[in-house]
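Worksheet for the structure shown next.
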Amino acid sequence: MIGIIFGPPGSGKGTQAARLEKEMRIHHLSTGDILRGEVAKGSGLGQEVGRIMAAGDLVPDDLIVDVVRARLPEAEEGAGALLDGFPRTEAQARALDAMLHDEGHKVDFVVALNVPEKLLVDRLLHRAQVEGRTDDTRDVIAERMREYHKLTEAVLDHYRKQGIKISHVEGTGSPDEVFDRVHAALSGISSR
Ligand code: AMP
């Protein structure tokens, strides 16, 4: 099973995906976490993407597609993979479709978290204090939101056009409240 957890920066994708990983034993694959790991290690890839991430821009499609291609087979083992932070452009979505198609797989579900923008910014500024993520400053947050609207939102249309069910979930409230809604949305999908 291949799922995508979708939403703007600060919508709680990572938090919900981590819980789903525990609950559904589905493997949580976060491209942001992978890239931050590479930056922390100072690897060649990390050096290439560090500045782009710090500016709030998206890293090049071919580069991130290679990262996912290298990890997807392992992530798909067992109950399947839940992608968090990927795909973020239509080109990435097409590349993912092609990767899955080669193995006879497809995207099974998309959960899209909806949160008003003002709350997203508040959450990200709060996260900056708690986690110290360098891309959670006001200017960089604004750039990440621009990239989301300009490039990432189109990914939903890509899957809608393919007839893949997109579950829209209200992402406001506590992580527990959101998780209950996500869980309810997914039970609907697995019983179809
Ligand atoms: P995230 O933790 O998902 O918010 O990702 C943090 C940053 O990593 C983003 O702002 C991008 O710079 C980079 N990144 C993560 N995933 C992708 C992706 N699928 N495409 C391009 N850039 C990405």
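The values are calculated or read from the model by the stated rules, or taken from the named source; none is laboratory data. Keep in mind that what you see is a predicted model, and the values were worked out from it rather than measured. FYI the Cβ positions are ideal-geometry reconstructions off the backbone, even for glycines, and counts take in every protein chain you see. Each accessible area value is taken on the protein alone, full model and side chains, heavy atoms only, with ligands, DNA and RNA left out. Shrake-Rupley method; radii C 1.70, N 1.55, O 1.52, S 1.80 Å.
Of the residues His149, His28, His168, the one that moves most in a GNM of the chain with alpha-carbon contacts below 10 Å is His149.
With all protein chains in place and ligands, DNA and RNA left out, the 1.4 Å accessible area ranks Met53, Met1 as Met1, Met53, largest first. Spin-label model, Ile166 to Ala18: label points 7 Å out along the Cα-to-beta-carbon direction sit 2.7 nm apart.
Stretching Asp66 away from Glu90 to a fully extended chain increases their span by 7.1 nm, per 0.36 nm per residue minus the current alpha-carbon distance. Annotation: Arg160 carries an accessible surface of approximately 120 Å², with a 1.4 Å probe and no ligand, DNA or RNA atoms counted. Calculated accessible area for the chain comes out at 51 Å² per residue, all protein chains present (probe 1.4 Å; ligands, DNA, RNA ignored). Shape analysis of the chain yields a ratio of the Cα radius of gyration to the Kirkwood radius, Rg/Rh, of 0.94. When the solvent-accessible area of the chain is split by element, carbon and sulfur atoms take up 51 percent of it, the probe being 1.4 Å.
The stretch 82-121 and the stretch 156-178 have Cα centres separated by 11 Å. If you run the Gaussian network model on the chain, springs between alpha carbon atoms under 10 Å, then out of Lys22, Lys106, Lys118 the most flexible one is Lys118. Here the Karplus relation 6.51 cos²θ - 1.76 cosθ + 1.60, evaluated at θ = phi - 60°, turns the backbone of the stretch 64-70 into coupling constants of 6, 5, 4, 4, 5, 4, 5 Hz, with x for every Gly and Pro. For the chain, with a Gaussian network of springs between Cα atoms less than 10 Å apart, report the residue from Ala75, Ala40, Ala18 with the top mean-square fluctuation. For the chain, modelled as a Gaussian network with Cα springs under 10 Å, the answer is Ala40. FRET efficiency for the pair Thr137 and Asp180, taken as 1/(1 + (r/R0)^6) with r the Cβ-Cβ distance and R0 = 30 Å, rounds to 0.40. In nm, to one decimal, how far is the Lys118 label point from the Arg51 one, both placed 7 Å along Cα→Cβ? Inter-label distance under the simple model: 3.8 nm. For the stretch 42-101, GluC sites (Glu not before Pro) meeting the loop criterion (DSSP other than H, G, I, E, B) and having at most 13 other Cβ atoms within 10 Å: Glu77. Straight-line reach from Lys165: which lysines fall under 16 Å, measuring Cα to Cα and dropping same-chain residues less than 8 apart? Hits, sequence-local ones excluded: Lys106.
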